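Okay, so here's the structure we're looking at.
The values are calculated or read from the model by the stated rules, or taken from the named source; none is laboratory data. Computed from a prediction, not measured in an experiment: that's the story for all the values here. Because the Cβ atoms are built from the backbone with ideal geometry, glycine has one as well, and the counts that use them run over all protein chains shown. Quick note on the areas: whole protein, heavy atoms, side chains included, nothing else; ligands and nucleic acids left out. Shrake-Rupley method; radii C 1.70, N 1.55, O 1.52, S 1.80 Å.
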Amino acid sequence: MLNKKIINTISKSKYSLFIVGYIFIYLLSCSNYAEDSLTNRIVDLNKNIMCPVCPGETIDQSQNILAVQMRNIVQEKVDQGWSDEQIRNFFIERYGASVISTPPKSGIDLFVWILPPVVLTITIVGLYFFLKNIKNKENIEDN
Amino acid sequence: MVETGNISILIALIISIYSSVISLLGAKFKSSELMISSRYGLYTVPFILLFSIVSIIYAFVTHDFSVQYVYENSNLSMPSSYTWVALYAGNAGSLLFITFLLSVLSVFGVISIRNKLKYALPYTVGILSILLTFFIFVIFVFANPFDRLEMVPLDGLGMNPLLVHFGMFIHPPVQMTGLISVAIPFAIILGVVLSGKGTDDRWVDIGRIWGMISWIMLTIGLMLGSWWAYTILGWGGYWAWDPVENSGLMPWLAMTAFIHSIMVQKYRGMFRMWNVILVVIGFTLAQLGMFINRGGPVPSVHSFAASTLGWLFLFFMIATLFLSICVIFFFRKQLHSDRKLDAIISKESVFLSQNVLFLLIAFFTLWGTIYPVFSESVSGETVTVGKPYFDLVNGPLFLVIIFLMAIGPIIPWRKASFNQLTNVLKLPSFGFVICILFLFILRIRNPLALIGFSICSLVIINLLQEWIRGVRLRHRGGDQYIVAFFKLLWANRPRYGGYIVHIGIVMFSVGVIGSSFYSSQKDFSMSPGDTNIFGGYNFKYINYTNEDYDDRTESIAYFQVESKDKSIGVLTPFRALYPQFRIAATRGAINSTPKEDFYIVPSQFEDDGSGVFRVLINPMVWWMWVSAPVIIFGTLFSLFPYRRKAKNSVQFME
């Protein structure tokens, strides 16, 4: 009931102006947002490829010779016009799936991606019912 | 000297076993003599362990390579100041150091409840003694730093070069104190529950103080670690979601939830059971950190203390978790809260949502950290769960938390009437739009950064509103504005200290958002004499020098750097090659301003001085480091004790 009241009043009051204003400026700001240059692409790729011989470090982070070589390969392949996917597969073929900093979004590894949104949804629903339940109890007591 | 250390460990082991047994017997037979005896037993442990700490340091400083641990972690050529701290550079010594810290904290913990929570004493002393027994036992049997070598080598292997940094003097001790200090609120609160007096909320204040002590220690530890990584690892970043970083973050998340929800219990007598659960989770996660750090199954850049002891810690963690759950279950009746939530829109439910979010982040972090092990055992294929995964999963949740941090302070306790809400929302919503406009003018265009910055500004606006309202009220009471401001802050220190910490958190978040979305980097191949331009900076490679030391060769490059109109001066990034370790430690040279950091670091260095230099422009990182003193000040401020008067009266609420 409180929610309805809030929504009603908000839609009537000057708050709607603020919210509309915010969304408007927000969309305006984002609409001409663009970042895509070649160097950024290389850095992004480097940050997503692990150095196979340095535990827990990407080739972007590592100072290891192999990491330097791999950075050069990325640079080379980008210059040759390879796509991100092709470059990643190139390294996966050589070093296995663990060379990419995130698990593949297929097969059993889909699980690692699915769990957080599922748990999040369950938690939100659970929290909602928990709070709502308290409201109901209170209403009954009031009556 | 070495024998002294060894024997003192044995004595400490015997005493802590004695204390564990006697305190539990004392609790059972209600014998005050036994309780006192066990307590004094516990008090002696740090003094005895001090002997072993001193003797291991002495062995390091005098280069006694007959001790295996000294041989493995130091050598003759290392800077002598580092021999004083080399004791925590490896597994056995860091374990001894942690145990020593635990024994010291235990004494303070027990002293802090000696008068106020007498009934919990035997149990708290018992829990702490059992913990100490476990640690000392592991040291004595499995990882004794005093083990001798049969042949005395002429020189040692040396300390891992990545540890040779000023950070070595502060980050490890603070981080270890933070992790192990979670044991104190754990032992105190579980002691209260075991004594059957959980309904008595007298433990809240002490639990809160200890929760905040471990929180601030963990906070400082994590920040020092980030700063260290930023300056030495030479990749221009400060957080990589590395398994060991995660293992320090997870208990921090749980303790952050705890120090907030304990406030609800303090002021409203709610969330009693929840707080006990939170502290158990916090301690479990701290132990999990030790498991991951000491030879856990996940590859990490922090493999300094790697050993095969990890599984022992995992087993102990599961045992403590199981026993804690049993305790909570058997004593659940006394942990029911007196009151229930009154309304959905209330400060209490904001606290609850915040708690849930922090735990979710901790859970997702844990999930991502251990998933590779899980995946390998199921499909046989190894995968990596790295930064992009954690950024994606946790980033949005952190934003929601900052949003809650913005609205939490202005939403009243219990039940917010609609008029109250419109009243407190008036100024913030106005200021919010102004801030968005301002950000728009500043050309902030990235959608996520825009949301992030605007929520951060909302936090500040709401805090300002709270302060202005309070100051005005007091001003009407006849105080000058400035006097009124300080009186306001002083009158409710837990609350306003918390707000000061919030400001620090906003400063930190601004740095994280700025550097995550707007940092740019490029590698430049340069020889002495070359000049390049990047991000509005003009940098000239003047020359280089090679300096030979006993253990390393340092190649130092000199760069003349100018920003648009003014000269910044000479920056000297360097790279030190340790042939013994085959490790090249690089150190970036940083010119830090509130607007952005100019960061230059050599990634390759040839003999003729030519090399590849990575240049990064990291916006707003400065704010991350500056936030630390603000956070520390806020925490101390909110911990500053009240005089006795306020203790037993009803807490002051606005």
On average over all directions, what projected area in square nanometres does segment A:38-102 have, based on the convex hull of its Cα atoms?
3.9
Could you give log10 I(q)/I(0) at q = 0.09, 0.11 Å⁻¹ for the protein assembly as shown, computed by the Debye formula over C-alpha point scatterers of equal weight, without solvent?
-0.98, -1.42
Selection from B:36, B:478, B:86 lying farthest towards where the dipole of chain B points positive, charges on Cβ:
B:478
Point-charge dipole on Cβ atoms (K/R +1, D/E -1) for segment B:314-445, about Cα centre, debye to 20
600
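Let me confirm one metric for peptide B:340-349, namely the mean number of other chain beta-carbon atoms within 10 Å of its residues' beta-carbons. Write down the numbers at each step before the final one.
Numbers: counts 5, 7, 3, 5, 7, 4, 1, 0, 1, 4.
Counting Cβ atoms of other protein chains within 10 Å of each residue's Cβ and averaging gives 4.
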Net charge of Cβ neighbours under 12 Å - reference residue B:574; Lys, Arg +1; Asp, Glu -1:
+1
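For segment A:38-102, which whole percent of the accessible surface, found with a 1.4 angstrom probe, sits on carbon and sulfur atoms? Can you show the working numbers first?
Values: 1430 of 3010 Å².
Result for segment A:38-102: 48 percent of the exposed heavy-atom area is carbon or sulfur.
For Cα pairs less than 8 Å apart in space and 6+ apart in sequence, what is the mean separation divided by the residue count of segment A:38-102, i.e. the relative contact order in percent? The partial results should precede the final answer.
Working: 63 pairs, mean separation 22.4, N = 65.
Once normalised by length, the contact order is 35 percent.
Is it possible to state the helix-based mean residue ellipticity at 222 nm for chain B, with each DSSP H run of 4+ residues giving -39500 (n - 2.57), the sum divided by total residues, to the nearest 500 deg cm²/dmol? What is it?
On the way: 20 runs with 403 residues, N = 654.
-21000 deg cm²/dmol, from helical runs alone.
For segment B:194-275, what is Rg from Cα atoms divided by 2.2 N^0.38 Å, rounded to two decimals?
On the way: Rg = 16.7 Å, N = 82, 2.2 N^0.38 = 11.7 Å.
It is 1.42.
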What percent of all Cα-Cα pairs in segment B:453-553 falls into each 5 Å bin, going from 0 up to the bin containing the maximum distance?
2, 9, 12, 11, 9, 9, 8, 7, 7, 7, 7, 7, 3, 1, 0
Normalise the Debye intensity by I(0) for segment B:93-137, one equal point scatterer per Cα, no solvent, then take log10 at q = 0.19 Å⁻¹ and round to two decimals.
-0.57
Send over the per residue convex hull volume for chain B, Cα only, as a whole number of Å³.
181
Charge sum, other residues only, whose C-beta stays under 11 Å from residue B:588's C-beta, Lys/Arg counted +1 and Asp/Glu -1:
+2
If one computes the Cα centroid of segment B:248-297 and of segment B:412-464, what distance in Å separates the two points?
30
Probe 1.4 Å, all protein chains present, accessible-area order of B:502, B:475, largest first
B:475, B:502
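Give me the percent of the accessible area of segment B:467-614 that comes from carbon and sulfur atoms, probe 1.4 Å, all protein chains in place. Mind showing how you got there, number by number?
Details: 3780 of 7290 Å².
Carbon plus sulfur share of accessible area: 52 percent.
Could you order peptides B:571-579, B:125-133 by the average number of other Cβ atoms within 10 Å of their residues, highest first? Please report the intermediate quantities before stating the final value.
Working: B:571-579: 18.1, B:125-133: 25.9.
Final packing ranking: B:125-133, B:571-579.
For a Förster distance of 35 Å, can you work out the FRET efficiency between the beta-carbons of residue B:567 and residue B:522, rounded to the nearest 0.05?
0.95
Just the number please: accessible area per residue for the protein assembly as shown, 1.4 Å probe, all protein chains included, in Å².
Accessible area per residue, the protein assembly as shown: 45 Å².
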Mind jotting down the three principal axis lengths of segment B:181-402 based on Cα atoms? Whole angstrom, largest first.
51, 37, 34
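Say the cut-off is 24 Å between C-alpha atoms; which of B:116/B:197; A:77/B:540; B:487/B:595 go over it? Intermediate values should be presented prior to the final figure.
Working: B:116/B:197 13 Å; A:77/B:540 30 Å; B:487/B:595 34 Å.
Where the Cα-Cα span goes over 24 Å, the pairs concerned are A:77/B:540; B:487/B:595.
Let me know the mean shielding of A:41-48 by other chains, meaning the per-residue number of their Cβ atoms within 10 Å of its Cβ. Walk me through the intermediate numbers first.
Details: counts 0, 3, 5, 1, 0, 2, 7, 4.
If you average over the peptide's residues, the count of other-chain Cβ atoms is 3.
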Ignoring ligands and nucleic acids, chains B and A bury, in total, an accessible area (1.4 Å probe) to the nearest 100 Å² of about 5200
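What GluC sites (Glu not before Pro) does segment B:539-610 have in DSSP loop regions with at most 14 other beta carbons within 10 Å? Write out the running numbers ahead of the final one.
Details: sites: B:547, B:554, B:562, B:596, B:606; in loops: B:606.
Within segment B:539-610, the qualifying GluC sites (Glu not before Pro) (loop, at most 14 other Cβ atoms within 10 Å) are B:606.
Can you tally the net charge around residue B:481? Count Lys and Arg as +1, Asp and Glu as -1, for every other residue whose Cβ sits under 12 Å from the Cβ of residue B:481.
On the way: positive: B:472, B:474, B:476, B:487; negative: B:479.
Net charge in that neighbourhood comes out at +3.
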So if I take the alpha carbon set of segment B:403-518, get Rg, then get Rh from the Kirkwood formula, what is the Rg over Rh ratio?
1.02
Can you tell me, using C-alpha contacts under 8 Å and at least 6 residues apart, the relative contact order of chain B as a whole percent?
10
Give me a single rounded figure for B:423-434: the average over its residues of other chain Cβ atoms within 10 Å of their Cβ.
2
Relative contact order (percent) for segment B:403-518, with alpha-carbon contacts under 8 angstrom and 6 or more residues of separation?
32
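Filter the trypsin sites (Lys or Arg not before Pro) in segment A:42-118 down to the DSSP loop ones having no more than 13 other Cβ atoms within 10 Å, then list what survives.
Details: sites: A:47, A:71, A:77, A:88, A:94, A:105; in loops: A:105.
For trypsin sites (Lys or Arg not before Pro) across segment A:42-118 that sit outside H, G, I, E and B with at most 13 neighbouring Cβ atoms in 10 Å, the list reads A:105.
How compact is segment B:111-157 by the rule of thumb for globular proteins, expressed as Cα Rg over 2.2 N^0.38 Å? Please list the in-between numbers first.
Numbers: Rg = 18.9 Å, N = 47, 2.2 N^0.38 = 9.5 Å.
In units of the 2.2 N^0.38 Å rule of thumb, it is 1.99.
Taking the mean number of other Cβ atoms within 10 Å as a proxy for protection, how do you rank B:516-524, B:240-248 from highest to lowest? Working shown, then result.
Details: B:516-524: 18.2, B:240-248: 23.6.
Result, highest mean first: B:240-248, B:516-524.
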